[in-house]
Amino acid sequence: MPDVLGTAEVDRLLDAELSRWSREGDSLIRDVESETFALGIRLVDSVAVVADEMDHHPDIDIRWTTTTFRLSTHSAGGITTNDVELARRIDTLAAQR
């Protein structure tokens, strides 16, 4: 199991490469706006494939055209490199829409 990242490291990553993400407690969070509900669902479908490949699954909330991704490694009790990698992959998928 990956180690939990320290606050300073998470802050550095948010500033340097995960600027669309924020930290809320022990989670990374990003809202993605889609033009339509269907496009948001397609994004969720794409993220599901990646999450299954990684065996690391986000919490997802869908509210009409806003999809919120929440990443945390519950078994480790915080944000790990798995969450950072999944955030990067979600960013790539969101940009491809």
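The values are calculated or read from the model by the stated rules, or taken from the named source; none is laboratory data. In this text the structure is predicted, and so the values were computed from the model without any measurement. Ideal geometry is used to build each Cβ from the backbone, glycine not excepted, and the neighbour counts take in all protein chains shown. Only protein heavy atoms, including side chains, enter the accessible area calculation; ligands, DNA and RNA are left aside. Shrake-Rupley method; radii C 1.70, N 1.55, O 1.52, S 1.80 Å.
Rounded to a whole number, what % of the accessible area of the stretch 36-86 do carbon and sulfur atoms account for, probe 1.4 Å? Intermediate values should be presented prior to the final figure.
Values: 1410 of 2640 Å².
The value for the stretch 36-86 is 53 percent carbon and sulfur by accessible area.
Lys and Arg at +1, Asp and Glu at -1: add these up for the other residues within a Cβ distance under 11 Å of Arg63 and post the number.
Numbers: positive: none; negative: Asp31, Glu33, Asp61.
Local net charge: -3.
Which shape class, rounded, prolate or oblate, goes with the stretch 55-97 when its Cα gyration tensor gives a ≥ b ≥ c as root eigenvalues, a/c under 1.5 marks rounded, and past that a/b bigger than b/c marks prolate? Provide the component values of the computation, followed by the final result.
Details: a/c = 3.11, a/b = 1.47, b/c = 2.12.
Oblate is the answer for the stretch 55-97, as a/c is 1.5 or above yet b/c matches or exceeds a/b.
Give, in nm to one decimal, the length gained when the segment between Thr81 and Arg63 is fully stretched (0.36 nm per residue of separation minus the Cα-Cα distance). Present the calculation step by step, with values, prior to reporting the outcome.
Details: separation 18, 0.36 × 18 = 6.48 nm, distance 2.76 nm.
So the extension gain works out to 3.7 nm.
As a test question: what accessible area, to the nearest 10 Å², does Ser75 have when a 1.4 Å probe is rolled over all protein chains in place?
90 Å²
How large is ³J(HN,Hα) for each residue in the stretch 8-24, as worked out from phi by the Karplus curve 6.51 cos²θ - 1.76 cosθ + 1.60 (θ = phi - 60°), to whole Hz, x for Gly and Pro?
Karplus-based 3J(HN,Hα) across the stretch 8-24 equals 4, 5, 4, 4, 4, 5, 4, 6, 7, 9, 10, 5, 8, 9, 10, 10, 10 Hz.
Just how much of Thr81 is accessible, in Å², when a 1.4 Å probe is used and the result is rounded to the nearest 10?
80 Å²
Using +1 at the C-beta of Lys and Arg and -1 at the C-beta of Asp and Glu, which of Leu14, Phe37, Leu71 has the Cα lying farthest in the positive direction of the dipole of the chain?
Phe37
Compute the relative contact order of the chain as a whole-number percentage, counting only Cα pairs closer than 8 Å that sit 6 or more residues apart in sequence. Don't skip to the answer; put the middle values down first.
Values: 122 pairs, mean separation 34.3, N = 97.
With pairs under 8 Å counted, the relative contact order is 35 percent.
Could you order Phe37, Phe69 by accessible surface area, starting with the largest, using a probe radius of 1.4 Å?
On the way: Phe37 100, Phe69 0 Å².
Solvent-accessible surface, decreasing: Phe37, Phe69.
What accessible area per residue, rounded to a whole number of Å², is obtained for the chain using a probe radius of 1.4 Å? It would help to have the intermediate numbers written out before the result.
Details: 5590 Å² over 97 residues.
With the other protein chains kept in place, the chain gives 58 Å² per residue.
With Cα Rg over 2.2 N^0.38 Å as the read-out, I listed [x] 1.22; [y] 2.34; [z] 1.03; which label goes with the value calculated from this structure?
Only one option fits the structure, namely [z].
How much accessible area does Arg88 have with a 1.4 Å probe, in Å² rounded to the nearest 10?
Only protein atoms counted, so the area is about 90 Å².
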